[in-house]
Amino acid sequence: MALVNENTRLALVIGSGSVKCAAALGLMKVLERENIGVNLVVGCSGGALYAASIALGWPVETSIDKTLSLWTRRVTEKRSRKAVLQIILPGLFHFDENFGLIDDSRLNRQLYGAFGEASFADTHIPLHIAATDFFDGEQVVLSSGLIWEAIRASLSIPYVFPPYRVAGRALIDGYQSDPLPVGIAIKEGIDIILAMGFESPYQERITSLMRYNFQISSVTSNNLLKTNFAFHNLAHHSEIIPILPEFTQRIHLFDTEKIPYIIDEGEKAAEQALPYLKRLLGATGVSG
Amino acid sequence: MGQSRKRVALVIGSGGIKCAAAIGMWRVLQAENIPIDSIVGCSGGSLYAALIAKNIGWQELETLSRSLWTNDIMQGYTENLKASKDGSLRYNERSGLVNDAVMNRNLQQIYGELSFSDLTIPLTIVATDLLLGEKVLLSEGSVFDAIRASLAIPIIFPPWEVNGRLLIDGAVSDPLPIDVAIQNGADIIIAMGFTMSYRQRLRSMTAVQEQVNSIYMNNLLSSTYAFFNLAHHAEIFPIVPEFDEPLTMFDTQKIPQIAESGMQATQEQLPHIRRLLASSQ
């Protein structure tokens, strides 16, 4: 169970990065060991999964178990038959913004299975999840309602999963507007932000139009990641500590068997930032 | 004159046919004798940046840009789109839905043998490395190659190889490259930028691709602008023309109106630019 700092407000921001976001659990291990409390958690895309589990106060082991059962290849196994027809005959099969190559019913069931009726009001630590409005391109911050639905919206990888409607808005992946949304924590008046971000991997080979699309998504979101981070780092009045785990192994979307390795790398990256974080906490009178 | 004068850079960002607003901007700057020391162009903006760097008149700029945006520029698009739907389209990192022969011919006619060293005002063109995702700056060699690379709208136009690198649209990494002007040592930056329009209905895969890329690029535009506006030591004057309606590549007959909007938007900033220039002389 996480402690709450009294004078210094600390936020954890977990950016998009699919299964690599499990590195946040390694970071949590370090914070728990050091009795450093977190006052706010923000998550985007894959990071939303872990942000939610941390905010709900799940022990690291529970989070690992739930991810292993939730994030499996099975969520993308069921291709949407309608999507195939929609591509060929958009008029006849009513192509619209709800298009997605994968039938999302399994993903929805898995998310519901993991988070059930838990709502933002049930969290131990305030939680915000970032998504993007498909029609005006703006970042949308979700902070109320059912957690699984917010995660689902934030996980709507373009082309792969259909957008998800929350309060009447068609929402897509948070990484399209800001892959590492530290801005949300800044707006909440946070003093120290631990920002865990990941670059989107590039295609090993571009062999189809869809792979070309994925490549463009990675290029744009990586450039967006760097620019946004540079901006917030300069503009903010709070301290931002980037925590960027380094993976020597290539990690694919469903490499859940690598989660222990990912968590280890998250822990290592957190250990590197720890002396500085402790100094900052000490400087403001609240140490572990 | 003299070395104490502040260095002025012109930046023209990506924006497809909207970049024709640069015609109006150039008209105002020329009429006012605003000295330009360097120019940066990205994507559609590079078309105008290169011609302005030759220091030609605004009327000629307008005439030339009409011959660029011809109606047959999208040759092959419909057929390839059809093939992409039934799965018969082969697509790899060198592909594009458009057969680029017409575009290459149009560009050759205007930029032909022009080299960066022939230009009156130093020019930098921004493109993106498709495989590495990085911004690439082009400022020597063939102007045609640089523009062709910077214009390679993802999916639509095939990438263009320059010095062994496969390059695409500069908008994918830096839609309004103010940073390049800063690196070139500008004190005053006149930056003309454009946001991409969104669709209210997504009725095809192409519409989804366009929407997804527009969202990325608009967010990238606003965050790069926010960052450099905060970080720079130079003065940045944004010129963002407003358009009543969404414009597509086929709206070539609207070039005069687009240029007019660019003129108005520039005039709004003119008193500020002049004041700053005067204070440094």
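Nothing in this text is a laboratory measurement; each read-out follows from the coordinates by a stated rule. Predicted, not measured: the structure shown is a model, and the values here were computed from it. Backbone-built Cβ (ideal geometry, glycine too); neighbour counts: all protein chains shown.
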Among B:V212, B:V102, B:V162, whose mean-square fluctuation peaks in a Gaussian network model of chain B (Cα, cutoff 10 Å)?
B:V212
Relative contact order %, chain A, counting alpha carbon pairs below 8 Å whose residues are six or more apart
26 percent
So for region A:96-195, using the alpha carbon gyration tensor with a ≥ b ≥ c as root eigenvalues (a/c under 1.5 gives rounded; past that, a/b versus b/c decides prolate or oblate), I'd call it oblate
Under the rule a/c < 1.5 gives rounded, and otherwise a/b versus b/c splits prolate from oblate, where does region A:138-211 land using the Cα gyration tensor?
oblate
Would any residue of region A:246-265 have its amide N under 15 Å from a label point 7 Å out along Cα→Cβ of A:T72? List them or say none.
A:254-258
Leading residue at positive end of dipole, chain A (Cβ point charges), from A:V141, A:I184, A:V75
A:V75
Once every Cα of region A:37-91 carries one equal point scatterer and solvent is ignored, give the base-10 log of I(q)/I(0) from the Debye formula at q = 0.16, 0.18, 0.26, 0.30 Å⁻¹, two decimals.
-0.64, -0.71, -1.02, -1.16
Mind running the shape call on region B:67-146? Use the C-alpha gyration tensor, a ≥ b ≥ c as the square roots of the eigenvalues: rounded below 1.5 for a/c, prolate if a/b tops b/c, oblate otherwise.
oblate
Please work out how much length the chain gains when fully extended from B:L89 to B:K6, using 0.36 nm per residue of separation minus the C-alpha to C-alpha distance, in nm with one decimal.
24.6 nm
Diffusion coefficient in µm²/s returned for chain B by Stokes-Einstein, Kirkwood Rh over C-alpha pairs, 10 °C and 1.306 mPa s, is 84 µm²/s
With the dipole of region A:27-122 defined by +1 on each Lys or Arg Cβ and -1 on each Asp or Glu Cβ, the option from A:F99, A:A121, A:Q86 whose Cα lies farthest towards the positive pole is A:Q86
Cα coordinate range in region B:1-90, projected on the principal axes (Å, largest first):
64, 24, 17
Any chance you could run the full-extension gain for A:K268 through A:R33? It's 0.36 nm times the residue separation minus the Cα-Cα distance, nm to one decimal.
83.2 nm
Given R₀ = 41 Å, what would the calculated FRET efficiency be for B:Q59 paired with A:D136, taking r from the Cβ atoms and rounding to 0.05?
0.60
Only four residue types carry charge here, +1 at the Cβ of Lys and Arg and -1 at the Cβ of Asp and Glu. Report the dipole size of region B:201-273 about the Cα centre in Debye, rounded to the nearest 20.
300 debye
Over the Cα atoms, compute the radius of gyration (one decimal) and Dmax (the largest Cα-Cα distance, rounded to a whole number) for region A:82-132, in Å.
16.5, 48
Computed P(r) (all Cα pairs; the protein assembly as shown; 10 Å bins; percent)
4, 17, 26, 24, 17, 10, 2, 0
Cα convex hull volume per residue for region A:27-178 (Å³)
106 Å³
Contour minus end-to-end for B:E79 and B:V102, with contour as 0.36 nm per residue of separation and end-to-end as the Cα-Cα distance?
6.7 nm
At 1.002 mPa s and 20 °C, plugging the Kirkwood radius over alpha-carbon pairs of region B:177-278 into Stokes-Einstein gives what diffusion coefficient in µm²/s?
136 µm²/s
Alpha carbon Rg of chain A, scaled by the compact-globule rule 2.2 N^0.38 Å
0.98
Cβ neighbours within 10 Å from other chains - mean over A:205-214
6
Between A:A118 and A:R79, how high is the FRET efficiency from 1/(1 + (r/R0)^6) when r is the Cβ-Cβ distance and R₀ = 22 Å? Nearest 0.05.
0.15
Using only atoms on other chains, find how many Cβ atoms lie within 10 Å of each Cβ of peptide A:186-192 and report the average.
0
Sorted from largest to smallest, which semi-axis lengths in Å does the alpha carbon gyration tensor of region B:1-43 give for its equivalent ellipsoid, taking the root of 5 times each eigenvalue?
23, 13, 4
For a quick check of your reading of the filter: which GluC sites (Glu not before Pro) in region B:195-265 sit in a DSSP loop and have no more than 11 other Cβ atoms within 10 Å?
B:E242
Answer in debye to the nearest 20: the dipole magnitude of the protein assembly as shown about its Cα centre, from +1 Lys/Arg and -1 Asp/Glu charges placed on Cβ, is 680 debye
Inter-chain shielding of A:87-100 (mean C-beta neighbours from other protein chains, 10 Å cut-off)
4
Taking only the alpha carbons of region A:171-288, what extent do you get along each of the three principal axes, in Å, biggest first?
56, 31, 22
Spherically averaged projected area of region B:98-141 from its Cα convex hull (nm²):
4.1 nm²
Charge-dipole axis of chain B as Lys and Arg at +1 and Asp and Glu at -1 on Cβ define it, positive-most pick from B:A31, B:L119, B:N218
B:N218
May I ask you to order B:81-88, A:158-165, B:130-137 by the average number of other C-beta atoms within 10 Å around their residues, highest value first?
A:158-165, B:130-137, B:81-88
Answer in debye to the nearest 20: the dipole magnitude of chain B about its Cα centre, from +1 Lys/Arg and -1 Asp/Glu charges placed on Cβ, is 240 debye
Return the lysines within reach of B:K254: Cα separation strictly under 23 angstrom, same-chain partners fewer than 8 residues apart disregarded; answer none if there are no such residues.
B:K18
